Amino acid sequence: MNTSGSAQEMLREAMELDRNGRATEAIAAYQRLLDTWPGLPNGWYNLALLQRQAGEYSAALASYKEALERNVAHPEEVHLNRGVIFSDYLQQHAAAERELNTALALNPGYFPALINLANLHEDLGRREQAAQVYERMLVLAPEAAQVLARYAGLKTFTSVDDPLIGRLRRALAQPGVSAADSASVEFALGRALDACEAYDAAFDAYRSANRHSRESAGREFQDYNLALAERLVDRLIAAFPAAPQSKAAQWLTSPDPIFVCGMFRSGSTLAEQLLAGHPQVQAGGELNFLPRAVQTRLAPFPESLASLSPGLLEALAAEYLDMLRGLFPNAARVTDKRPDNFLYLGLIKRLFPSAKIIHTTRDALDNCLSMYFLHLDQSMSYALDLMDIGHHYLQYRRLMAHWRTLFGADILDLNYDALVRDPQPVVGQMLAFLGLEWDDGCLSVPPGGRAVRTASVWQVREPVYQRSSGRARNYARQLNDLRDYLKQTR
């Protein structure tokens with residue numbers, strides 16, 4: 001590769017590598033460019049973006065800093081991106097808040113920074129501060145449907161005559177409202193109507209929300225493919241026919257990871273937050289290390305495992321623990337609460353043979369309904385249709401049955417419905433399974449200030465409650481087909 005050309009030629013080369021998906025080479029090209037011409041703020045900005053995407057967060061922060069020092073255009077955008085790194089990846093929420101406030105000092109009407117600041121307040125349990133930021137945005141843009149939907153998500157509803165419900169309906173009646181905006185408002189409306197026990201109207205709102213969410217996804221959206229989902233489970237089962245004999249990475253035990261997984265909306269966040277009440281446990285949240293490794297270094301997964309060297313497995317295990325130490329330097333044990341890690345239990349046990357798995361379960365109909373009622377990313381295409389959710393649920397259950405045959409002694413099925421009905425014995429069982437002494441702190445909800453990143457951020461901060469258990473009874477008529485399907489396919 002020619003590195004002796006002009007700065008413009010080297011910049012074009014780096015951008016072309018990026019466009020072609022050759023991120024590692026693009027990073028190296030930008031670094032060569034900036035070694036020779038360090039006074040290019042856009043070069044530092046582009047390098048930082050790539051470093052962030054590659055998970056090189058400290059390097060990305062340093063590159064963003066260089067861009068700021070060299071007077072990059074729109075510095076508020078750089079401070080926003082630094083704030084996202086601090087909050088989403090490094091768990092440094094005070095630093096994130098400083099960056100977002102700096103962005104807003106530069107540009108008080110900068111909506112992306114306002115949205116992220118409101119999100120941060122929600123994650124930290126600051127309901128009033130979050131509401132104030134949303135109100136500030138609604139003054140600037142009264143018709144901002146997404147903001148109105150988020151604002152409604154902070155509120156408690158008791159009557160269908162609530163003025164905010166009327167405001168949501170009026171937002172949907174606006175001419176030219178986009179499918180994406182309609183979906184956000186309809187999910188908020190469905191939640192409000194459900195709280196008011198207007199169940200038929202709530203279901204109609206959620207059904208329309210999922211339809212609009214599908215419409216808003218664009219050409220790259222892929223409908224849920226039942227055969228492909230079944231083949232994935234077949235491939236995972238074939239790749240892990242027996243428990244691994246290798247003890248690779250057995251010695252890598254500090255900090256000790258605890259994996260919490262299950263279907264989305266099955267109680268994994270509640271389980272993690274109760275565990276985090278123990279002085280020896282730190283809530284790690286939804287870490288993306290394993291999915292990223294599967295999509296990159298382990299591709300094509302799971303077939304690649306047949307020829308994978310023990311050295312690479314040991315390196316991955318060491319990198320995972322280095323990540324935990326970097327994020328949580330004083331933690332003895334850290335939870336990794338990505339629900340979809342149930343797909344990777346075979347890999348987890350190859351990396352950490354002694355790993356303990358908390359597998360959260362819930363009544364099947366309640367679980368499927370809760371997913372249908374949540375505004376999830378369209379990449380989870382099965383979540384937009386009740387019968388697709390049912391199919392996905394059955395494939396998940398089939399895979400978990402396989403993992404139990406291999407790792408049953410290291411998997412604890414933690415039932416959400418039993419947990420909310422009588423928390424103490426279930427929490428006690430969970431602590432005993434992990435070899436932890438009882439601590440009364442594990443019965444308390446997380447205090448304000450402990451970050452919780454989940455769609456149920458406000459529910460998990462309430463005292464443990466039962467109202468979501470048995471929720472499907474309110475929608476018995478709408479769930480007839482799903483109920484029959486789940487019965488017939490057992």
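What follows draws every value from the coordinates through simple rules; no lab data is involved. Keep in mind it's a predicted model, so treat the numbers as computed, not measured. Every residue, glycine as well, gets a Cβ built from its backbone with ideal geometry; the counts of neighbours run over all protein chains shown.
Hey, what do the phi angles of the range 389-399 turn into as Karplus ³J(HN,Hα) couplings, whole Hz, using 6.51/-1.76/1.60 and θ = phi - 60°, x for Gly and Pro?
Computed from phi, the couplings for the range 389-399 are 4, x, 5, 4, 4, 5, 5, 4, 5, 5, 5 Hz.
Given the range 372-432, report the % of alpha carbon pairs whose separation exceeds 17 Å. Please list the in-between numbers first.
Numbers: 1105 of 1830 pairs.
More than 17 Å apart: 60 percent of the Cα pairs in the range 372-432.
Taking Cα centroids, how far is the range 300-336 from the range 75-115 in Å?
With the range 300-336 and the range 75-115 each reduced to a Cα centre, they are spaced 30 Å.
Show me, for the range 129-144, the HN-Hα J-couplings you get by feeding each phi into the Karplus relation (A = 6.51, B = -1.76, C = 1.60, θ = phi - 60°), rounded to Hz, glycine and proline as x.
5, 4, 4, 4, 5, 4, 4, 4, 5, 6, 5, 5, 9, x, 9, 6
Can I get the semi-axes of the range 210-295's equivalent ellipsoid? Compute them from the C-alpha gyration tensor as square roots of 5 times the eigenvalues, in angstrom, largest first.
Taking √(5λ) for each eigenvalue gives 31, 23, 12 Å, largest first.
Taking the Cα centre as origin and putting +1 on Lys and Arg beta-carbons and -1 on Asp and Glu beta-carbons, what dipole magnitude results for the chain, to the nearest 20 debye? Kindly include the intermediate steps, with their values, before the conclusion.
Values: 50 positive and 56 negative charges, 128 e Å.
So the magnitude is around 620 debye.
Translational diffusion coefficient, Stokes-Einstein: compute it for the chain using the Kirkwood radius over C-alpha pairs as Rh, at 25 °C and 0.890 mPa s, and state it as an integer in µm² s⁻¹. Before the final figure, lay out the partial values.
Values: Rh = 24.6 Å.
Approximately 100 µm²/s, per Stokes-Einstein.
Using unit Cβ charges (K, R positive; D, E negative) and no other charged atoms, how large, in debye to the nearest 20, is the dipole of the range 226-488 about its Cα centre? Intermediate values should be presented prior to the final figure.
Numbers: 27 positive and 26 negative charges, 39 e Å.
Charge dipole of the range 226-488: 180 debye, to the nearest 20.
Can you list residues from other chains, or at least 5 along the same chain, whose modelled amide H is less than 5 Å from the amide H of Ile258?
Those lying under 5 Å, H to H, from Ile258 are Val334, Thr335, Asp336.
Evaluated at 20 °C with a viscosity of 1.002 mPa s, what Stokes-Einstein diffusion coefficient in µm²/s does the range 226-488 have when Rh comes from the Kirkwood expression over alpha-carbon pairs? Could the numbers behind the result be given before it?
Values: Rh = 19.2 Å.
For these conditions, the coefficient is 112 µm²/s.
Quick check on packing: order 57-68, 135-146, 166-177 by the mean number of other C-beta atoms within 10 Å, highest mean leading.
Numbers: 57-68: 19.3, 135-146: 15.1, 166-177: 13.2.
Per-residue Cβ counts within 10 Å, averaged per peptide and sorted highest first, yield 57-68, 135-146, 166-177.
Treating the beta-carbon of each Lys and Arg as +1 and of each Asp and Glu as -1, no other charges, what is the dipole magnitude of the range 1-90 about its Cα centre, to the nearest 20 debye? Please report the intermediate quantities before stating the final value.
On the way: 8 positive and 12 negative charges, 6 e Å.
That gives the range 1-90 a dipole magnitude of about 20 debye.
From the backbone phi of the range 164-181, what are the Karplus-calculated ³J(HN,Hα) couplings (6.51 cos²θ - 1.76 cosθ + 1.60, θ = phi - 60°) in whole Hz, Gly and Pro given as x?
5, 5, x, 5, 5, 4, 5, 4, 6, 7, 5, x, x, 5, 6, 4, 5, 5
Sort Thr405, Thr156, Thr361 so the one with the fewest other Cβ atoms within 10 Å of its own Cβ comes first.
Least crowded to most crowded, the residues run Thr156, Thr405, Thr361.
Please give the calculated 222 nm ellipticity per residue for the chain, where each DSSP H segment of at least 4 residues contributes -39500 (n - 2.57) and the sum is spread over every residue; nearest 500 deg cm²/dmol?
It lands at -17000 deg cm²/dmol.
Quote the relative contact order of the chain in percent (integer), defining contacts as alpha-carbon pairs under 8 Å separated by 6+ residues. Let's see the in-between values first.
Details: 661 pairs, mean separation 68.8, N = 490.
So the answer I get is 14 percent.
Using only the Cα atoms of the range 303-343, what semi-axes does the equivalent ellipsoid have when each is the square root of 5 times a gyration tensor eigenvalue? Give whole Å, largest first. Please list the in-between numbers first.
Numbers: eigenvalues 111, 49, 7 Å².
Square roots of five times the eigenvalues give 24, 16, 6 Å.
5 Å is the cut-off here: which amide hydrogens, built 1.01 Å from N in the peptide plane, fall below it relative to Thr361, excluding neighbours closer than 5 in sequence?
Those lying under 5 Å, H to H, from Thr361 are Leu414, Asn415, Tyr416.
Using per-residue counts of other Cβ atoms within 10 Å, averaged over each peptide, order 475-483, 390-398, 204-212, 237-245 from highest down.
Details: 475-483: 15.6, 390-398: 19.3, 204-212: 20.9, 237-245: 13.4.
In decreasing order of mean packing, 475-483, 390-398, 204-212, 237-245 become 204-212, 390-398, 475-483, 237-245.
Can you give the Rg/Rh ratio of the range 97-177, where Rg is from the C-alpha atoms and Rh is the Kirkwood radius? Numbers along the way, then the final one.
Numbers: Rg = 13.6 Å, Rh = 13.5 Å.
Rg/Rh for the range 97-177 comes to 1.01.
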